[in-house]
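Visitor: Mind looking over this structure? Questions follow.
Bear in mind these aren't lab numbers, they're just calculated from the coordinates by the rules spelled out. Predicted model, so just to flag it, every value in this text is computed and none were measured. FYI the Cβ positions are ideal-geometry reconstructions off the backbone, even for glycines, and counts take in every protein chain you see.
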Amino acid sequence: MNKAVRKAIIAGNWKMNKTRPEAKELIEAIKPLAKGADCEVVVGVPFTNLETAVEATKGTNIHVGAQNCHFEKSGAFTGEISADMLVELGVEYVILGHSERRQYFGETDETVNKRTKAALAAGLKPIVCVGELLWERECGITEEVLGKQCKLDFFGITADEMKKITIAYEPVWAIGTGKTATAEQAQEACKYIRTVIAKMFDEATAEAVTVQYGGSMNAKNAAELLSKVDVDGGLIGGASLKAPDFGEIIRAASV
Ligand code: PGA
């Protein structure tokens with residue numbers, strides 16, 4: 001992390017986990033661990049827990065995020081939630097383009113781009129996920145994949161808007177598999193993403209944008225991953241559901 005120029009963000013991606021009472025319990029357990037953290041702390045909770053999370057985190061340094069939003073303001077989109085609806089609940093962040101959305105729910109770079117623009121227009125801070133599949137890495141096209149995703153996902157966005165976006169580099173092969181990218185692989189990819197942003201926008205924007213690593217980050221490997229200069233935090237799935245582990249990652253990001 002380079003905290004002198006960028007904000008380090010530790011964000012939990014709870015995915016489809018936790019009922020409302022469980023969410024409240026987990027947030028209460030995270031609160032003392034997050035207190036005084038020298039990084040931004042975000043909990044990305046299921047839609048049904050957003051109100052509970054906003055209420056439970058009032059007056060704390062924990063910020064609340066959703067895990068998706070639709071690109072239209074309203075209309076006949078059964079099952080979808082708009083960015084304005086999230087803002088109205090007091091939500092600050094939104095995770096977009098997660099590989100599980102891309103893999104299981106037909107999310108494409110085009111819809112990620114539209115959702116990102118809608119989130120920005122509503123005043124949300126998007127956390128946009130990019131990352132290569134295992135066979136893409138094995139074929140040696142990781143950079144092409146990351147470059148293509150960034151170019152498409154951030155098409156038509158201004159440099160000022162880009163500075164409000166967090167990019168989560170999540171190699172798909174590392175998500176929920178216990179197989180973490182090495183700190184060197186994470187650094188290399190996060191740095192590459194920054195060079196793409198520099199080409200698309202400018203150096204200052206590339207230096208300002210937060211690029212997280214995600215994929216089996218845990219209490220044990222967080223410090224090493226976060227020690228890398230271009231890794232500005234983490235998007236954490238499994239380990240964010242256990243307060244002591246999430247607390248340890250926050251601690252690692254605060255040194
Ligand atoms: P994981 O998930 O930490 O469980 O690998 C990360 C993510 O999907 O954001």
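Visitor: Mind listing whichever residues of region 1-41 are without any contact (Cβ under 8 Å) to a residue 60 or more places away in the chain and within 15 Å of residue 226 (Cα to Cα)?
Guide: 3, 4
Visitor: Would you mention how many residues in region 35-50 are surrounded by 15 or more Cβ atoms within 10 Å (Cβ to Cβ) and farther than 16 Å from residue 13 by Cα?
Guide: Matching residues across region 35-50 total 2.
Visitor: A follow-up question, please. Go through region 200-246 and give me each residue that's assigned to a loop (DSSP other than H, G, I, E, B), touching a Ser or Thr at 6+ places or on another chain (Cβ under 9 Å) and either more than 13 Å from the ligand (Cβ to nearest atom) or of a type in the set (D, E, K, R) (or both).
Guide: 201, 209, 232
Visitor: Next question, about the same structure. Please indicate, with yes or no, whether at least one residue in region 70-88 is surrounded by 16 or more Cβ atoms within 10 Å (Cβ to Cβ), touching a strand residue (DSSP E or B) at 6+ places or on another chain (Cβ under 6 Å) and under 23 Å from residue 250 (Cβ atoms).
Guide: Within region 70-88 (the criterion being surrounded by 16 or more Cβ atoms within 10 Å (Cβ to Cβ), touching a strand residue (DSSP E or B) at 6+ places or on another chain (Cβ under 6 Å) and under 23 Å from residue 250 (Cβ atoms)), the answer is no, since none of the residues qualifies.
Visitor: Which of (1) within 16 Å of the ligand (Cβ to nearest atom); (2) assigned to a helix (DSSP H, G or I); (3) in contact (Cβ under 8 Å) with a residue 40 or more places away in the chain does residue 196 not meet, given it meets every other one?
Guide: Here residue 196 meets the rest and fails (1).
Visitor: Would you pick out the residues in region 65-86 that are farther than 12 Å from residue 112 by Cα and either within 16 Å of the ligand (Cβ to nearest atom) or of a type in the set (Phe, Trp, Tyr) (or both)?
Guide: Residues satisfying the conditions are 65, 66, 67, 77.
Visitor: Across region 151-193, what is the total count of residues that are within 12 Å of the ligand (Cβ to nearest atom), surrounded by fewer than 17 Cβ atoms within 10 Å (Cβ to Cβ) and of a type outside the set (Val, Ile, Thr)?
Guide: Selection size over region 151-193: 3.
Visitor: If you go through region 87-120 one residue at a time, how many are among the acidic types (Asp, Glu), touching a residue at least 12 places away in the same chain (Cβ under 8 Å) and more than 12 Å from the ligand (Cβ to nearest atom)?
Guide: Number satisfying all stated conditions: 3.
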